[in-house]
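To keep things clear, I will list the structure first and then write my remarks on it.
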Amino acid sequence: MTQREKQLVRTSFQEICEVAIPVARLFYGRLLDLEPSLRPMFREDFQKQSAKLMDMLTAVVDNIEDLEKLNPVLREMGLRHAGYGVLPRHYVLVEKALLWALAHALESGFHAEVRAAWHGVLARVSAAMLAGVADRDMV
Ligand code: HEM
């Protein structure tokens, strides 16, 4: 990612920080619209789950200069997700739903360049999570 993309992710995330929980709600609503069959996978209440998701995204944004550092944590998280029944194809849906929720929260601030920057970050997070699962499957 370029410095400009990293900066766009940081500043746009700062803007949504205050409304992080409503954004997470938008995200889950959209995710379940896209794939209603995922509903039973979520057992925790959405308030708690939303806070965890937003904490994780905060960690990603805080470490954007050196995302490699988060690889061990993301790999472990990917393994836990496989345990929840998450499949590789679900990551695309999560990326779509998150981009959609960010677009709603940021409105005109979510222009093409910001969208591309977020797409880049989410693709890296998903790839790191899925790498954990791929490693396990090779053993
Ligand atoms: C960008 C990728 C993702 C991030 C950053 C993320 C983040 C998180 C976090 C932080 C948790 C808390 C528990 C834990 O750490 O294991 C969690 C749980 C969970 N995530 Fe994700 N997740 C991602 C992708 C996905 C995908 C693709 C799905 C599939 C639909 C999914 C479904 C779930 C489920 C079912 C739980 C457990 C909820 C519960 O126990 O109620 N996540 N996620």
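The values are calculated or read from the model by the stated rules, or taken from the named source; none is laboratory data. The structure displayed is predicted, hence computed values, not measured ones. Every residue, glycine as well, gets a Cβ built from its backbone with ideal geometry; the counts of neighbours run over all protein chains shown.
Scanning the range 118-139 for residues that are modelled with pLDDT of 90 or more and part of a loop (DSSP other than H, G, I, E, B) returns no hits.
Within the range 73-83, not a single residue is in contact with a Phe, Trp or Tyr (Cβ under 8 Å, 6 or more places away or on another chain) and more than 9 Å from the ligand (Cβ to nearest atom).
Considering (1) without any contact (Cβ under 8 Å) to a residue 60 or more places away in the chain; (2) of a type in the set (A, V, I, L, M); (3) surrounded by fewer than 18 Cβ atoms within 10 Å (Cβ to Cβ); (4) more than 14 Å from F27 (Cα to Cα), the lone condition that L70 does not fulfil carries the number (3).
Quick one: would you say V60 is among the aliphatic types (A, V, I, L, M), near the ligand (Cβ under 8 Å from one of its atoms) and either within 18 Å of E95 (Cα to Cα) or surrounded by 15 or more Cβ atoms within 10 Å (Cβ to Cβ) (or both)? Spelling it out, V60 is indeed among the aliphatic types (A, V, I, L, M), near the ligand (Cβ under 8 Å from one of its atoms) and either within 18 Å of E95 (Cα to Cα) or surrounded by 15 or more Cβ atoms within 10 Å (Cβ to Cβ) (or both). On inspection, L102 passes the criterion of being buried (at least 18 other Cβ atoms within 10 Å of the Cβ) and of a type outside the set (K, R). Screening S37, S12 for residues that are hydroxyl-bearing (S, T, Y) and more than 21 Å from L106 (Cα to Cα) leaves exactly one candidate, S37. Screening the candidates A116, A51, A101 for the property of being more than 13 Å from the ligand (Cβ to nearest atom), closer than 16 Å to F13 by Cβ and either in contact with a helix residue (DSSP H, G or I) (Cβ under 8 Å, 6 or more places away or on another chain) or of a type in the set (A, V, I, L, M, F, W, C) (or both) yields one hit, A116. The residues of the range 9-62 that are touching a Phe, Trp or Tyr at 6+ places or on another chain (Cβ under 8 Å), within 21 Å of H119 (Cβ to Cβ) and not β-branched (V, I, T), listed by number, are S12, A24, L26, F27, Y28, R30, L53, L57. Residue pairs whose Cβ atoms lie under 9 Å apart, sitting 6 or more positions apart in sequence or on different chains, and linking a residue in the range 54-65 that is closer than 19 Å to Y28 by Cβ to a partner that is surrounded by fewer than 16 Cβ atoms within 10 Å (Cβ to Cβ) and modelled with pLDDT under 95, are M54/C17; M54/I21; T58/C17.
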